[in-house]
Structure formats: C-alpha cells, structure tokens
Amino acid sequence: MSRFFASCGKGLEYLLADELVALGCTRATATMAGANAEGSLADAQRAVLWSRLASRVLWPLAEFDCPDEHALYEGATQVDWPRHLASGHTLAVDAHVSGDAITHARYAAQRVKDAVVDVMRARTGARPDVDVEAPDLRLNLVVRKGKAILSVDLGGGPLHRRGWRRIQGDAPLKENLAAAVLMRGSWPRVYADGGALLDPMCGSGTLVIEAALTAADVAPGLLRHGGSMPTGWRGFDVDAWKQLRVEAIEREAKGRAALRPVFRGNDIDPHAVRAARENAEAAGVVDAIEWKVEDVRQLSELPFASSRHSREGGNPVSFAPLSESPEAKSLDPRLRGDDTQQQRQQQEQPPEQSPTPRGLVACNPPYDARLAADPALYRALGDALKRTVPQWRASLLCGDAELAYATGLRAAKKYQVFNGAIECTLIVVDPIAPPQRERSDQVQALSEGAQMVANRVRKNLRKLKTWREREGVHCFRAYDADIPEYAAAIDVYETDEPTPRTFLHVQEYAAPAEIPQDVQRKRLNEALAGAREVFGVPREQIALKTRARGKGGSKYGQFDTRGEFVVVREGAARLRVNLFDYLDTGLFLDHRPMRLRIGDEAHDARFLNLFAYTGAATVHAALGKARATTTVDLSATYLQWCSDNLRENGVGGAKHRLVQADAMEWLEHDQGEYDLIFCDPPTFSNSKRADDFDVQASHVELLRAAVARLSDEGVLYFSNNYRRFRLDDAAVAQFARCVEISRETIPPDFERNPRIHRCWRLQRL
C-alpha cells in the first residue's frame, strides 16, 4: 500500500476525499487543495480515469530535505531516472514552492530538469528534450517547510480537461468544478430517482454536458487521451490501465444506451448555445440535451417539470423534449397547434402514474474577476425558478454571498469554493420554493427580544465567516450570552454527510435567583426563536439543555435518551457526537485549536491521552501519523466512544491502545515513554471505582507523574476548565519547564469567554 496525492480546487477537498475512497482507495484525507490517499498504483490510475473532481493525481518518487537550491539539485540527482524515463522521451516539470529558501517556482523546475538531464546523460549517453505541452513524462515538484517531494503526474496534465470541449465562452467553468456543483446538488441521486436537469444560463454547456456524461456513467478520462497512455512513465502499470479502460468502455456503452433525454440548457446568447451544442456533439450526448435560446426572465415551463401540477395538486404530465426545429413541430401536434379532440383529452387526462420526480437546477450565473454582476439578474433567476420549478433542488455557483442572497432563495447549505482564483459561494436550495403553510400554522413574527438575539447571532456569523471558511470549521459557538438577559450558549454542529444537516446545541445558563422562572422561560423561548429564525432548522434538530431550580440550587434537567449519534468533521478528523443524551456532546469545541496542534505535532510521536473523554485528541494524533497512541479513561462508555471515533477514521490495530483505568493510579505503575502527552482532567471526580480527584489539590502530583513519562524532548499539554484554578508554579518548576499558552488555545468563537479553559506547555528539566 502506498500514499499518493490528488489535487483539486480549494473548497472541493472533502468531496474529493470521499470520491477517492469510493474509487477504491483504502483511505483518503482532505488537506489544503487536495487529498492524501492510500492505495495501490492501480487505485491511483483508476482515479486518473474516473475522478470527476481531481485536478491532478501525483505519484511520489522521492522526498528529501531541501533547505536550498543545491540540496534540491542533489536530491533530484539521487533518483534513478533511467528507471522512470526512456531514452528519447520528453520531459516537463511543474513546480510549486513556498518559504524563504527557494522562492521562484520556474527556477526550481529548471534545477530539477537539470538534475534529470545530467543523470540521464551520464547513465545512458542521451538527454531528454523538454516539451511543456505534451511531454512523455510530466513531473511535479513541491517544496514546503524545507522538504521537497518529486512526483509523477499520472494524468500527464490537468484532469479537468475531458477532451470534448471544442468551443469555449469568455469564462468557461472548469469541468471538475462543474462536477462539484452537481455533486453538491445530489445530481446522481436525482437522476437515479428519475429526475431531470436544467441550466438556465448554460454558456458553453459545461454543467449540462458534465451532468449528461455523469448520468451515462462515462469515465471522465476516456475522451482525454483517446486510446493512448496518459503518461510515458516507465513505472506505469500498462496492463492495469488497459483493463480499466476495457471496463470503462463497457460501462459507457450501457450508460449511453440507457441515457434519458432529460437535460435542458438555455442561454440568452445564441452564439453560446451554438457552442454548447457543438461541445455536446463532441461529447456524444447531443441527442439527450435540448438547447434553447431564451432569456432567464422569460424562462418557459419545462414539460418534464410539471411545476403547474405540483403547485395546483393536479396530475403530472409525462416528459416530452421541446424542440426549436420546424420539422419537430410538424411531427408533434402539441407544438403544431392542430391537436385532435382525442389528443386534447389525453393531454387533459394523462394516464395514472407516480408523481413526476423532482429535478435539479445547476447554474453558474455570470460574474467577472471583480465580482461585477447585476443583482437584478440574480433576482430574476430566483423568481424564474420559483415560478417554473418550485419543487426542484438548485445548486447555484454565485459570485459571492451577496449575489447568492440576491436570488431571493433560501439556501439549505452554503459552501465556499474557488472558480480559478475567484472565491465564490455555492448554495444548495431544496426545495426552490417551499410550500406555503396554512395561515394557522404560520410562524408568528419575532418578538423584540427574539429579534435582538437573531440580530446578534447574524452579527457573530458575519464576524466569524472569514475564519470559519479559512479554517474549515463546521462546529462552532455562534452565541454565548452576548445579551446578558438571554443567558444561553448556542453551538452549531454541521454533519459530515453527502447532504449535511445543521443541528443546534443550546445550553441555558443559570439565571440570578431574583429572576422569576416564568421570565426566565420566556427569555429562553425567545432565544430559541431567534436562533431558529437565523438557521432555519426544524425543532427536531435542536438539542436544548435547560436548568431547573430545586433543592440545592439550579441544575440541568432530564435529558433525552435518543441514542442518536451524528458524525461531524474537525480538520482531517470525522468525530461522532451525541447532542441529546448528555450534558456534553462528546466534543469540547473550545479545545479545537489544542486538538489541531496535537495533530500537527504528532508525526512519529508516541502519544498519551490522559482523562481522554471520547478520544478526539487521540484521533487527531493518529491522523497526524503518530507512531503509537495510548488512551486512558475510567469510563468504559467513553473508551467505546473513542474506539468508534478511531474506526470512523479508518484507524485501528495494536499500536492504538485503549486503557480503562484511573489516570492517576495508572501513571504510578506505567513504565512507558511518550513524546507527546495531553492531560485534560475534570475539575472534580468522585467515581466509585477510583479515589476522589480534585484538580486544584492534585495537579502537582498528577503533573509530576506525567512529566516523568516524557521522553527527553517530549511535550506535555495540561489543560483544565476550573475557573478558580491556580497553578503551583514553584512546585511545578522543580521538575518541569512550564509556559502558559492559554491565549493561543482559545479559538475566535470563544473570545467572549477567554476563561473557558487554561492551558500550559511542559517539558522535563
């Protein structure tokens, strides 16, 4: 099993990782602008042929330290190039560099080319020529953080080029981004359920053609190279590639034969429609697509949409492709206007059938590099879709959030993606026009208090937007008693599913004793109403933890017992949370930066997680390529939860040890040595299975025992959330160097509450 890298546009990483696993890779982890995959060479070659999202598939040849240009040249000369490149073959090198040591990508590519030429000349007596357009071997160089990785570009160039594009417009959409728009709109499922596709601003037809080829099960790489190999690399598995092509051709034949003509592409520009038709002809799907010159403001109803019947509750009509040609009008009496009485009756009383499946609108409305666009056009698009296909889904790639808002459509999901260098907003709307509720069921207007909460939550979301998009944060705190009278914490959990769902976790804070309970309850209900207004989530996706007054003061009341777990994503990790059954969800959101730091520092480290809870830090360490992990907790429930989290990420085996024990007692007897330790004890614990624990009273003993288990250069991170905690600096200084790093570990969504936890970094003296 080997590791390789597949690149993609920013914003598509998680989709790509899932696609690579579906294509047979053992594992794939999303990273910046791509995914790290584990699999065989055949798996990587399958990705070249079948991936709809990848930009390139890179198979590594060498990795070496690269502090400067001389080390780059020397490292490249250590590769046995005659094993990879035949005499007389041509060569090209693509380079990407970052950091201060090597700053010019073209110069770095030149040095690698020089190394290859020098080795080939010395070993074979001949040197390869350079061909930047169509080389026999295309190499890829990445220099980052003092490391260089040299890889073979298995596809021989950009994979978004499918091979069918004959004519393109002024700003053509890349095919892999088009595929992402379709995937976010669940197009494969929509088509499998009998649905259709519409692009009312189709340009040169990229979205419609990509949708048709996807529905026809045509491998994206079949047309790209014809029957030739995508690369002349001598290590390429030619037999495996031929077999992959044979299978792909068989699937293509079946898919094209079964392809239904349920595709419509419209554009106001007749030249664009002509280009789209020619592209569709080159792709072999022209007979399945109807093209129409039409302004979106006059968008005509689609015969396969049955939108009028959907709105009025009548029977759906059957599908019949429209046509602009006079010949078709002469053959179709419905278009000719001279239908017989019997034909009219058949139209008025269509045969009984199941309701017409919903379709998908996929569209990339116009904008330019300056995001110059007409909001009125976006509004016209939204109005036209509401009128013609109200019950369909829509996946719209808009210039930015403001333009997306201008459509007037309520997005179920929003994604930040990049169209080239332009950051765009992809919205998924389902349905386009939700059915109006009966007046008796309509939601009442928000009270003044609820509106205040809603406004504050929206303000917080705007403030956190850039950070959340940059860091890929899907679970975060959106409100933390920002308005003192509305004392609650509102956390957002977005599930890691093909069609993500948003859950809210709301915890009520204790109100002062002088506040009457009815006032307290009213304010909580107003806070909930404001949150629901902002996020538009159904009641069943809100977990509410309320406090009740009683003997001994205010306490949290009885929780639900759903036993419902959902999977969320944090960085590279997929983690299971339970929002309803416990006070805590299984994921302390304020420790997000600490867990990500552990993942970054865990490479080849022996990691120990004390008081591990559900093991989220262990998962990050394992995904960070820790040499081994040990997870200690007294609770069998939490250890099982940790095991499930590890399994969710494809992690297992003897090197990942789970220990059910009291952490203090276990440390006294353990003889292991660890390079990285995370210790986040509770404030108090009085379990029947262990001695009582008090973090203030016991922290020196705990830290002394934990530091004793560190390797010479090892690091211990110690954290707790006891607000009145005081570290005994003098006692700790006798056995460890200790630095408080609390400010570095408080994320932006918890800045209002910087005392949510404190954290220290310790090393042995």
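Out of region 581-611, which residues are of a type in the set (Phe, Trp, Tyr) and either in a helix (DSSP H, G or I) or buried (at least 21 other Cβ atoms within 10 Å of the Cβ) (or both)? Break it down into steps so the answer makes sense when it comes.
Narrowing region 581-611 to residues of a type in the set (Phe, Trp, Tyr): 582, 588, 607, 611.
Across region 581-611, the qualifying residues are PHE607, PHE611.
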Select from region 733-765 the residues that are aromatic (Phe, Trp, Tyr) and under 27 Å from LEU710 (Cβ atoms) and write down the one among them that is surrounded by the fewest Cβ atoms within 10 Å (Cβ to Cβ). PHE735
Name the residue that is farthest from LEU173 (Cα to Cα), counting only residues in region 190-231 that are polar (S, T, N, Q) and within 26 Å of the chain's Cα centre (by Cα). THR214
Do we find that GLU648 is at pLDDT below 95, of a type outside the set (Lys, Arg) and surrounded by 14 or more Cβ atoms within 10 Å (Cβ to Cβ) in this structure? yes
Being of a type in the set (D, E, K, R), modelled with pLDDT of 95 or more and either crowded, with 19+ Cβ neighbours inside 10 Å or under 15 Å from ALA178 (Cβ atoms) (or both) is the filter here; which residues of region 190-235 pass it? ASP199, GLU210
Can PRO390 be described as more than 22 Å from GLU526 (Cβ to Cβ) and modelled with pLDDT of 90 or more? yes
Taking region 406-436 as the region of interest, how many residues are of a type outside the set (A, V, I, L, M, F, W, C) and more than 20 Å from PRO366 (Cα to Cα)? 6
If you go through region 124-137 one residue at a time, do you hit one that is hydroxyl-bearing (Ser, Thr, Tyr) and at negative phi? yes
Mind checking which residues of region 490-504 are within 17 Å of VAL577 (Cα to Cα) and not polar (S, T, N, Q)? ILE490, ASP491, VAL492, TYR493, GLU494, ASP496, GLU497, PRO500, ARG501, PHE503, LEU504
Could you check GLY653 against (1) modelled with pLDDT of 95 or more; (2) outside any helix (DSSP H, G or I); (3) more than 25 Å from ARG592 (Cα to Cα); (4) among the small types (Gly, Ala, Ser) and say which number it fails? (1)
Please go through region 115-129 and give me each residue that is under 41 Å from the mean Cα position of the chain (by Cα) and surrounded by fewer than 15 Cβ atoms within 10 Å (Cβ to Cβ), ordered by number. ASP129
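Condition first: of a type in the set (Asp, Glu) and over 11 Å from the mean Cα position of the chain (by Cα). Now tell me which residues in region 1-35 satisfy that.
Filtering region 1-35 down to residues of a type in the set (Asp, Glu) leaves 13, 18-19.
Selection gives GLU19 alone.
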Can you name every residue in region 703-737 that is aliphatic (A, V, I, L, M) and under 41 Å from the mean Cα position of the chain (by Cα)? LEU703, ALA705, ALA706, VAL707, ALA708, LEU710, VAL715, LEU716, LEU727, ALA736
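Return the residues of region 228-270 that are part of a loop (DSSP other than H, G, I, E, B) and closer than 13 Å to VAL285 by Cβ; say none if nothing qualifies. Walk me through how you get there before you give the answer.
Of region 228-270, the ones part of a loop (DSSP other than H, G, I, E, B) are 228-237, 259-262, 268-269.
Answer for region 228-270, where residues must be part of a loop (DSSP other than H, G, I, E, B) and closer than 13 Å to VAL285 by Cβ: LEU259, ARG260, PRO261, VAL262.
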Quick one: in region 254-264, of everything that is surrounded by 18 or more Cβ atoms within 10 Å (Cβ to Cβ) and of a type in the set (Lys, Arg), which residue is nearest to GLN298 (Cα to Cα)? ARG264
For region 436-466, what are the residues that are modelled with pLDDT of 85 or more, of a type in the set (S, T, N, Q) and more than 17 Å from ASP491 (Cα to Cα)? SER447, GLN451, THR466
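Taking the options ASP68, ASP94, ASP80, name whichever one is acidic (Asp, Glu) and surrounded by 15 or more Cβ atoms within 10 Å (Cβ to Cβ). Full working, then the answer.
Details: ASP68 fails: surrounded by 15 or more Cβ atoms within 10 Å (Cβ to Cβ); ASP80 fails: surrounded by 15 or more Cβ atoms within 10 Å (Cβ to Cβ).
Answer to the check: ASP94.
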Which numbered condition VAL473 fails, given (1) at pLDDT below 95; (2) under 22 Å from ALA404 (Cα atoms); (3) not in a helix (DSSP H, G or I): (1)
Among the residues of region 249-301, what is the count of those that are basic (Lys, Arg) and in contact with a Lys or Arg (Cβ under 8 Å, 6 or more places away or on another chain)? 2
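Within region 38-48, can one find any residue that is surrounded by fewer than 18 Cβ atoms within 10 Å (Cβ to Cβ) and under 25 Å from HIS620 (Cα atoms)?
Step one: filter region 38-48 for residues surrounded by fewer than 18 Cβ atoms within 10 Å (Cβ to Cβ), giving 38, 40-42.
Retained after the next criterion (residues that are under 25 Å from HIS620 (Cα atoms)): 38, 40.
Scanning region 38-48 turns up at least one residue that is surrounded by fewer than 18 Cβ atoms within 10 Å (Cβ to Cβ) and under 25 Å from HIS620 (Cα atoms).
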Suppose the filter is within 27 Å of HIS603 (Cβ to Cβ), of a type in the set (Lys, Arg) and either without any contact (Cβ under 8 Å) to a residue 24 or more places away in the chain or out of contact with any Cys (no Cβ under 8 Å at 6 or more places or on another chain) (or both); does ARG709 pass it? yes
How about region 1-105: which strands (runs of 3 or more DSSP E) wholly inside it have at least 1 residues that are closer than 28 Å to VAL473 by Cα and touching a Cys at 6+ places or on another chain (Cβ under 6 Å)? 34-39
When GLU744 is run through (1) assigned to a helix (DSSP H, G or I); (2) farther than 30 Å from VAL473 by Cα; (3) under 41 Å from the mean Cα position of the chain (by Cα); (4) acidic (Asp, Glu), the failure sits at (2)
PHE64 meets each of (1) under 22 Å from ARG184 (Cα atoms); (2) touching a Lys or Arg at 6+ places or on another chain (Cβ under 8 Å); (3) aromatic (Phe, Trp, Tyr) with one exception, condition (1)
Have a look at GLU514, GLU494 and point out the one that is at pLDDT 95 or above and not hydrophobic (A, V, I, L, M, F, W, C). GLU494
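Matching residues to (1) assigned to a strand (DSSP E or B); (2) under 20 Å from TYR479 (Cα atoms); (3) not aliphatic (A, V, I, L, M):
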{"position": "VAL715", "(1), (2), (3)": "yes, no, no"}
{"position": "TYR722", "(1), (2), (3)": "no, no, yes"}
{"position": "LEU727", "(1), (2), (3)": "no, no, no"}
{"position": "GLN734", "(1), (2), (3)": "no, no, yes"}
{"position": "ASN753", "(1), (2), (3)": "no, yes, yes"}
{"position": "ILE756", "(1), (2), (3)": "no, yes, no"}
{"position": "TRP760", "(1), (2), (3)": "yes, no, yes"}
{"position": "GLN763", "(1), (2), (3)": "yes, no, yes"}
Take VAL93 and decide whether it is hydrophobic (A, V, I, L, M, F, W, C) and at pLDDT below 95. no
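Among ASP217, ASP237, ASP267, which is the only one that is touching a helix residue (DSSP H, G or I) at 6+ places or on another chain (Cβ under 7 Å), of a type in the set (Asp, Glu) and within 18 Å of VAL296 (Cβ to Cβ)?
When all the criteria are applied, what remains is ASP267.
Checking the structure you have, find out if any residue of region 457-468 is in a loop (DSSP other than H, G, I, E, B) and surrounded by fewer than 17 Cβ atoms within 10 Å (Cβ to Cβ). Talk me through it step by step, then tell me what you get.
First pass over region 457-468, keeping only residues in a loop (DSSP other than H, G, I, E, B): none.
No: zero hits.
The values are calculated or read from the model by the stated rules, or taken from the named source; none is laboratory data. Computed from a prediction, not measured in an experiment: that's the story for all the values here. Because the Cβ atoms are built from the backbone with ideal geometry, glycine has one as well, and the counts that use them run over all protein chains shown.
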